[in-house]
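Written out below as structure tokens is the structure these notes cover.
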Amino acid sequence: MSEPKSKSDLPPGEIPVPKAVVSRLSLYLRELQHLVRDGHQRTSSSQLGRLLGFSDAQVRKDLAYFGHFGHPGIGYRCDDLIKAIRKILGTDRDWPVAMVGTGNLGRALLGYKGFSHQGFRIVAAFDIDPQRVGATIEGVRVFHLDQLTQVVEANHIKLGLIAVPAPAAQAVADQLVAAGLEGILNFAPVTISLPDHVRQVGVDLAIELEQLSFSVVSRANTNGADGE
């Protein structure tokens with residue numbers, strides 16, 4: 001019986017990738033896109049790291065999970081690395097998205113252009129409010145939630161956004177799963193339970209502000225202690 005391979009023995013693509021690495025890939029992608037817009041054709045791990053506050057070793061280590069992308073004496077070609085990262089993240093294709101909830105948050109999300117710039121298109125919105133159903137917001141039609149499965153199947157939708165009040169989030173998530181969605185981005189300030197085959201990401205803006213306030217308070221406390 002052969003011994004299990006260590007991480008160093010596994011080829012790129014088979015090494016378990018930490019969530020933090022995937023998060024940094026998105027940051028690298030944004031900076032590369034900014035560099036291209038500013039007219040840069042090449043970059044380096046030290047430049048990317050400096051722009052984002054990481055070490056050049058961290059950048060190289062993160063990218064090494066997925067292969068070798070640099071060129072000796074040249075560094076990284078921005079366009080090539082953008083294409084590679086988009087393929088890794090799965091954003092080298094078009095992703096139709098369904099969104100449930102067209103209140104203030106939902107309307108703001110429908111108006112956010114950053115989704116389409118990265119390959120995500122909200123193609124249908126859903127609500128149960130008779131005054132909202134049938135309307136068109138930012139070019140997106142609002143359907144009744146009862147039509148979810150039909151619209152999802154017709155548009156081959158795999159990803160969904162939840163932008164409803166917390167008490168309704170779990171029921172909406174269950175309906176999205178039943179309709180065949182495989183990934184859910186939850187903006188409701190509550191934890192939802194999903195089957196193992198459905199991936200989820202939660203975005204609680206209040207929690208993000210709490211993390212930010214903690215950082216500010218911690219720095220103030222540290223500076224105060226240093227000054228004693």
How far, in nm, would the chain grow between Arg219 and His197 when pulled straight, counting 0.36 nm per residue and subtracting the alpha carbon separation? 3.9 nm
Charged-residue dipole, Cβ positions (Lys, Arg, Asp, Glu), the chain about Cα centre, Debye nearest 20: 740
Calculate, in nm to one decimal, what Asp38 and Lys61 gain on full extension: separation in residues at 0.36 nm each, minus their alpha carbon distance. 5.7 nm
Sorted by chain and then number, the residues having a modelled amide H within less than 5 Å of the amide H of Arg141, at least 5 places away or on another chain, are Ala125
For the stretch 126-179, how big is the tail of P(r) above 15 Å, as a whole percent of Cα pairs? 50
Normalised contact order of the stretch 70-204, rounded percent, pairs of Cα under 8 Å and 6 or more residues apart: 20
Can you give the Rg and Dmax of the stretch 77-212 based on its C-alpha atoms, in angstrom? 15.3, 52
Under the Karplus relation with 6.51, -1.76 and 1.60 and θ = phi - 60°, whole-Hz ³J(HN,Hα) for the stretch 103-112, x at Gly and Pro, equal x, 4, 5, x, 5, 5, 5, 5, x, 7
Through the Karplus equation 6.51 cos²θ - 1.76 cosθ + 1.60, θ set to phi - 60°, convert the phi angles of the stretch 59-70 into ³J(HN,Hα) values in whole Hz; use x for Gly and Pro. 4, 5, 5, 4, 5, 5, 4, 10, x, 10, 10, x
Debye intensity ratio in log₁₀ form over the Cα atoms of the chain, taken at each q of 0.11, 0.13 Å⁻¹: -0.75, -0.96
Whole-number percent relative contact order across the chain, with pairs defined as alpha carbons under 8 Å at least 6 apart: 12
Using alpha-carbon pairs under 8 Å, 6+ residues apart, how would you state the relative contact order of the stretch 162-225 in percent? 28
15 Å tail of the calculated P(r), the stretch 147-220, as % of Cα pairs: 58
Rounded to the nearest 10 degrees, what's the angle between the helix 19-37 long axis and the longest principal axis of the chain, both from Cα atoms, 0 to 90? 80
Grab the DSSP H runs of the chain that are 4 residues or longer, score each as -39,500 (n - 2.57), total them, divide by all residues and round the 222 nm result to the nearest 500 deg cm²/dmol. -13500 deg cm²/dmol
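Every number here is computed from the coordinates shown, using simple stated rules; none is lab data. None of the values given here were measured: they were computed from a predicted structure. With ideal geometry, Cβ positions are generated from the backbone for all residues, glycine too; neighbour counts draw on all protein chains shown.
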